[in-house]
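Peer 1: What follows is a single structure, and I will ask about it in a moment.
The values are calculated or read from the model by the stated rules, or taken from the named source; none is laboratory data. Treat the numbers as computed from the prediction; the structure is a model and nothing was measured. We place every Cβ from the backbone using ideal geometry, glycine too, and count neighbours over all the protein chains shown. Surface areas here come from the heavy atoms of the whole protein model, side chains and all, with no ligands, DNA or RNA. Shrake-Rupley method; radii C 1.70, N 1.55, O 1.52, S 1.80 Å.
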Amino acid sequence: MSYPFKKIEKKWQKVWAKNNYKIWHAKDFKGKKIYILDMFPYPSGDGLHVGHVLGYTGTDILSRYYRMKGYNVLHPMGWDAFGLPAENYAIKMKKNPMTFVPKNIKRYKMQMNMIGLSYDWQREINTTDPEYYKWTQWMFLKMFEKGLVYEKLAPINFCPSCKTGLANEEVIGGRCERCGSKTETKYLNQWHIKITAYADRLLEDLEELNWPENVKEMQRNWIGKSEGYEIDFKIVGYDYKITIFTTRLDTIFGVTFLVLAPEHPLCLKIAKEDYYFNVENYIENALKKPERERKTEEEVTGVFTGSYAIHPLTGEKVPIWISDYVLFTYGTGAIMGVPGHDSRDYDFAKKFSLKIIPVIGPEKGKEPENLPYEEYGYLINSFDYNDLDSKTAIQKIGEELEKRGIAKKAIYYKLRDWIFSRQRYWGEPIPLVRCPKCGIVPLSEKDLPLKLPKVKNYEPTGTGESPLKNISKWVKTKCPKCKGPAERETHTMPQWAGSCWYYLRYIDPKNKKQFADKKKLKYWLPVDIYVGGVEHAVLHLLYARFWHKFLYDLGLVPTKEPFMKLVNQGLILGPDHEKMSKSRGNVIIPDDIVKKYGADTLRMYEMFMGPFEDVKPWDTQGILGIHRFLNKIWIISKKIKKDKIKKEKDNEILTEINKLIKKVSEDIENFKFNTAISSMMEFVNFISDKKVSIETWMKFVKLLFPFAPHLAQEIWSMFGNKKLLDYEKWPEYEEKYIKEKHIKLIIQIDGKKRDEIEIEETALDFDKIKNLVLNRERIKKFIKDKKIDKIIFAQNKIINIVTKS
RNA sequence: GCCGAGGUGGCGGAAUUGGAAGACGCGCAGGAUUCAGAGUCCUGUGGUUUAAAGCCGUGUGGGUUCGAAUCCCACCCUCGGCACCA
């Protein structure tokens, strides 16, 4: 029979709901703070899944722990309700998101209470609340004001299923991040935000963050900074010059051709008569396919222009080609071909029988086989620069070319500006007006929020226009400047807009005058611990850092970075070790588990499964182990109540409980919840045949509380404690009980364990121990007539007798 | 191809400042309780044809060391990310 978890959980959830404003409400400016943040969910309609439970339980354990440690804990929750997930779901269910989303939120909140999460609900926020998105729009206007927002007709990624343009970050392997459809390229007039202006700082400031290395690396790669040189090549018979970008100036003597991207404006201008037709043809063909689709093609293609450039150092003529393996959107849209040391250039040269000159080789006098050939080798076939190492050569050649005005240092990034327009209904309206007289005019602050109108038909049109375009009542407006007739911008903001600053609003959620009070921001920022999925590594986490830096530059937030420590919870797979999905039928629903075993079992099992950050499969049997453990605790509690031993007299138990306090505290702080639970189990196994005092057991119950709050609270009150456990102090361990009086010494012979011996700590003397050990029968038997070479005595733990062979 | 993380029983995983490999849990086997089952409790559980002892064992092969899952070198495999970024 299970312990009455249903009754217990219901009972305490009621008490907590009633007292929420007291127990979990973070008061401003009160002592030492800690800000523990979850990535807030999209209330999509499927409800909380076990992945949410994993992350949210982790932060709940931390919050409960730090509250008991005496910290002022800010642990809020809210709803990222704008955007595609909610909208797509609403379309599928044929319900307006405006009426549908609040219902979902209610359900999510109910589920969160069902698993006993200790959020400060007084700080709840919702990105679709006009009082919230008023400030999202306000911040957008600040960016507009500072010249970070611009409109551009550009080829963008378009999702044919979601019927909207997407940012580069939202395209994962050529597919829509949300629905998995292959994206297409469309030319649309879109608002862009100049995130590239922050590229360097976004890169540099990563250093000071306590984030998982892989996430930092993903951001570094995404920003993709390359330092090199721009070099001008003169063209024979023309006044034009071709500028290329390279990071490998040391290979310049290996240049045997130049390649232009098909979009390059010089292509047709320098094509010779005999080649013109071919060139025109090639370009036309190439441009039909957007860059993204060209990449996947295996075969190298290209066409010769008939023109030649002059090598700036050798004066030799090198042919100028056109090929779509050169991207117009990166660097200068033109490259120097070094087939000796670049695999793509090599493939190209092979295909079109172009010259290949190796210019990097082994160090002079060294055998070629024992050195790394690529990267930084030594120059060969490079005239005055021969035998220099690559690094030095880049410097020297750079200096020389700069002196002659042919080259200059340049830095390029992979990062592109943030495409900010969405052709969808369910987002923050962009607060701009198009006036035939004044052009683009921003709304004034007092006109915010610009509310999203209620509509009947909100489905995406697919024409590149937003559904808002059809609501002429809303679209037609007056120009804020000249008061003449004008039209509103009808595209909406991307889903990421609201999540860029929500952690700031929690700090002062009801402020009507500012997005948050400065003093409060100063007190609570930065976020100390941020927990969420790794899928946001170059989406939300990059945008939010940028947004935060922008606010920092305006003096509106006190820190350069928003999130100091980041932890990614690992994915939970289905029992079949596959990713959970409806189509596979391997989805575990938290509600079912709660019904069957209770919330405490669910919480604790998810923490016990394995390391918090690892991918791990759900084990339908494994959860029984945790449920049995909680049952055992319940039964032992009843026994202890009957026994009525007040003070702890058993020294062994004192040692164990003190060790446990130390272990659990350290493990919680390090997100090692699985080993914390293991050691609690070991403790319970240890005391199960002993009589434990109430004093000791109450300490244990406090340790259990962050993990299984309902059961712990019930046991706590069962022993007549009136105050809620939330207000109790976390137990402290006493060093004197932990110190071992006896030392178990392992005896090894030639590194293999042969025996062990227990020694008083005070009797640790090498000679004495040596005698003791060598006289033991068992040891004598092993040594027999072997000669002892030496004896190693290590760390009061091991004695190793080494024999001569 | 490049970057990052990782390979430990039948399974999830412990131990990583070099010092008893396999904690804890699941599963499995045997026993107790029971008319029976469920549940609970006890015992065992890396391999080595049976007990003790021994021997072998942390992806593979080498190395350093009194001693290696842990450090070094080479290789194999798995997972995650990026991918014509010059």
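Peer 1: Looking only at the stretch A:219-241, which residues have a backbone nitrogen under 15 Å from a spot 7 Å from the Cα of residue A:317 in the C-beta direction?
Peer 2: A:234-238
Peer 1: Could you order A:536, A:25 by accessible surface area, starting with the largest, using a probe radius of 1.4 Å?
Peer 2: Ranking A:536, A:25 by accessible area, largest first, yields A:25, A:536.
Peer 1: Ok, one more. Hey, if you put +1 on the Cβ of every Lys and Arg and -1 on every Asp and Glu Cβ in chain A, which of A:531, A:122, A:362 ends up farthest toward the positive end of that dipole?
Peer 2: It is A:122.
Peer 1: Moving on. Report, by chain and number, residues whose modeled amide H sits under 5 Å from the one on residue A:410, excluding near sequence neighbours (fewer than 5 apart, same chain).
Peer 2: A:228, A:229, A:230
Peer 1: Also, I was wondering about something else. Please give, to one decimal in nm, the separation of the simple spin-label points placed at residue A:285 and residue A:534, each 7 Å out from Cα toward the Cβ.
Peer 2: So the two model labels end up 4.2 nm from each other.
Peer 1: Additional query: Quick one: putting +1 on the C-beta of Lys and Arg, -1 on the C-beta of Asp and Glu, what dipole do you get for chain A around its Cα centre, in Debye to the nearest 20?
Peer 2: Here the size comes out at about 4580 debye.
Peer 1: Note down the magnitude of the dipole of the stretch A:478-578 about its Cα centre, charges +1 on Lys and Arg C-beta and -1 on Asp and Glu C-beta and zero elsewhere, to the nearest 20 debye.
Peer 2: Its charge dipole is roughly 1000 debye.
Peer 1: Let me ask you something else. Considering only protein heavy atoms and a 1.4 Å probe, what is the carbon-and-sulfur percentage of the accessible area of the stretch A:191-288?
Peer 2: Looking at the stretch A:191-288 in its full context, I get 46 percent from C and S.
Peer 1: Also, I was wondering about something else. Could you state the principal axis extents of the C-alpha atoms in chain A, from the largest down, to the nearest angstrom?
Peer 2: 103, 87, 50
Peer 1: A further question follows. How large is the Kirkwood hydrodynamic radius of the stretch A:605-714, counting all unique pairs of alpha carbons, in Å?
Peer 2: 14.6 Å
Peer 1: Report the paramagnetic label zone for residue A:614: residues of the stretch A:668-692 whose backbone N is under 19 Å from a point 7 Å from Cα along the Cα-to-Cβ axis.
Peer 2: So the set is A:668-682.
Peer 1: Give the accessible area for residue A:204 in Å² (nearest 10); use a 1.4 Å probe, count only protein heavy atoms, and leave out ligands, DNA and RNA.
Peer 2: Answer for residue A:204: close to 110 Å² accessible.
Peer 1: I'd like the antiparallel share, as a percent to the nearest 5, of DSSP beta bridges with both residues in chain A.
Peer 2: Looking only at bridges with both residues in chain A, the antiparallel portion is about 75 percent.
Peer 1: Over all directions, how big on average is the projection of the convex hull of the alpha-carbon atoms in the stretch A:207-264, in square nanometres?
Peer 2: Its average projected convex-hull area is 6.6 nm².
Peer 1: Same structure again: Using a 1.4 Å probe on the protein heavy atoms, what percent of the accessible area of the stretch A:389-512 belongs to carbon and sulfur?
Peer 2: Its accessible area is 50 percent carbon and sulfur atoms.
Peer 1: Restricting everything to alpha-carbon atoms, can you work out Rg to Rh for the stretch A:230-289 with a Kirkwood hydrodynamic radius?
Peer 2: 1.01
Peer 1: Take A:472, A:181 and sort them by solvent-accessible surface of the protein heavy atoms, 1.4 Å probe, largest at the top.
Peer 2: Order by accessible area, largest first: A:472, A:181.
Peer 1: May I pose another question? Using only protein heavy atoms and a 1.4 Å probe, report how much of residue A:179 is accessible, in Å² to the nearest 10.
Peer 2: The value for residue A:179 is about 50 Å².
Peer 1: Which ³J(HN,Hα) values, rounded to whole Hz and listed in residue order, are derived for the stretch A:163-173 from phi using the Karplus coefficients 6.51, -1.76 and 1.60 in 6.51 cos²θ - 1.76 cosθ + 1.60 with θ = phi - 60°, glycine and proline given as x?
Peer 2: Taking θ as phi minus 60°, the curve returns 6, 8, x, 10, 7, 4, 5, 8, 9, 10, x Hz for the stretch A:163-173.
Peer 1: Reachable aspartates and glutamates from residue A:722, Cα under 15 Å, same-chain residues fewer than 8 places away excluded?
Peer 2: A:714
Peer 1: Counting only heavy atoms of protein chains, what accessible area per residue, in Å², does chain A have with a probe of 1.4 Å?
Peer 2: 47 Å²
Peer 1: Further question: Calculate, in nm to one decimal, what residue A:780 and residue A:662 gain on full extension: separation in residues at 0.36 nm each, minus their alpha carbon distance.
Peer 2: Gain in length upon complete extension: 38.4 nm.
Peer 1: Please express the Cα-Cα pair-distance distribution P(r) of the stretch A:480-573 as a list of whole percents, one per 5 Å bin, running from 0 to the bin with the greatest distance.
Peer 2: That works out to 2, 11, 18, 20, 15, 12, 9, 6, 3, 2, 1, 0, in percent per bin.
Peer 1: Using all C-alpha to C-alpha distances in the stretch A:567-653, build P(r) with 10 Å bins and read off the rounded percent in each one.
Peer 2: In whole percents, the pair-distance histogram is 15, 36, 25, 15, 9, 2.
Peer 1: Based on the mean of other Cβ atoms within 10 Å per residue, sort peptides A:424-430, A:438-444 so the most packed one is first.
Peer 2: My ranking of the peptides, most packed first, is A:424-430, A:438-444.
Peer 1: According to the Cα gyration tensor, what semi-axes, each the square root of 5 times an eigenvalue, does the equivalent ellipsoid of the stretch A:138-263 have, listed from largest to smallest in whole Å?
Peer 2: One finds semi-axes of 32, 23, 19 Å for the stretch A:138-263.
Peer 1: Could you run the Karplus curve 6.51 cos²θ - 1.76 cosθ + 1.60 with θ = phi - 60° over the stretch A:338-351 and give me ³J(HN,Hα) per residue in whole Hz, x for Gly and Pro?
Peer 2: 10, x, x, 9, 9, 5, 5, 5, 4, 4, 5, 5, 4, 4
Peer 1: With +1 on each Lys and Arg Cβ and -1 on each Asp and Glu Cβ, and nothing else charged, work out how big the dipole of the stretch A:168-215 is about its Cα centre, in Debye to the nearest 20.
Peer 2: My answer is approximately 520 debye.
Peer 1: Per the Kirkwood formula on distinct C-alpha pairs, the Rh of the stretch A:29-141 is how many angstrom?
Peer 2: About 15.4 Å for the stretch A:29-141.
Peer 1: Based only on Cα atoms, what mean projected area does the convex hull of the stretch A:1-64 have, in nm²?
Peer 2: Projected area, direction-averaged: 6.6 nm².
Peer 1: Would you compute, from DSSP H runs of 4+ residues alone, the mean residue ellipticity of chain A at 222 nm, taking -39500 (n - 2.57) per run and dividing by the full residue count, rounded to the nearest 500?
Peer 2: -11000 deg cm²/dmol
Peer 1: May I pose another question? Could you check what % of the DSSP bridge pairs in the stretch A:445-598 are antiparallel, to the nearest 5?
Peer 2: In the stretch A:445-598, DSSP labels about 45 percent of beta bridges as antiparallel.
Peer 1: Could you tell me, in Å, what Rg and Dmax come out for the Cα atoms of the stretch A:675-729?
Peer 2: Cα only, the stretch A:675-729: 11.4, 32 Å (Rg, Dmax).
Peer 1: Using just the Cα positions, wrap the stretch A:114-198 in a convex hull and report its mean projected area in square nanometres, one decimal place.
Peer 2: 9.0 nm²
Peer 1: Residue A:577: accessible area at probe 1.4 Å, nearest 10 Å²?
Peer 2: Ignoring ligands and nucleic acids, residue A:577 comes out at about 120 Å².
Peer 1: In sequence order, what are the phi-derived ³J(HN,Hα) couplings for the stretch A:132-148 according to the Karplus relation 6.51 cos²θ - 1.76 cosθ + 1.60 with θ = phi - 60°, rounded to whole Hz, with x for glycine and proline?
Peer 2: Those phi angles translate into 8, 6, 3, 7, 4, 5, 4, 5, 4, 5, 4, 5, 4, 4, 8, x, 8 Hz.
Peer 1: Label residue A:650 and residue A:511 with points 7 Å out from Cα along Cα→Cβ: what is the distance between them in nm?
Peer 2: 5.5 nm
Peer 1: Can you put A:659, A:744 in order of accessible area, largest first, using a 1.4 Å probe?
Peer 2: From most accessible down to least: A:744, A:659.
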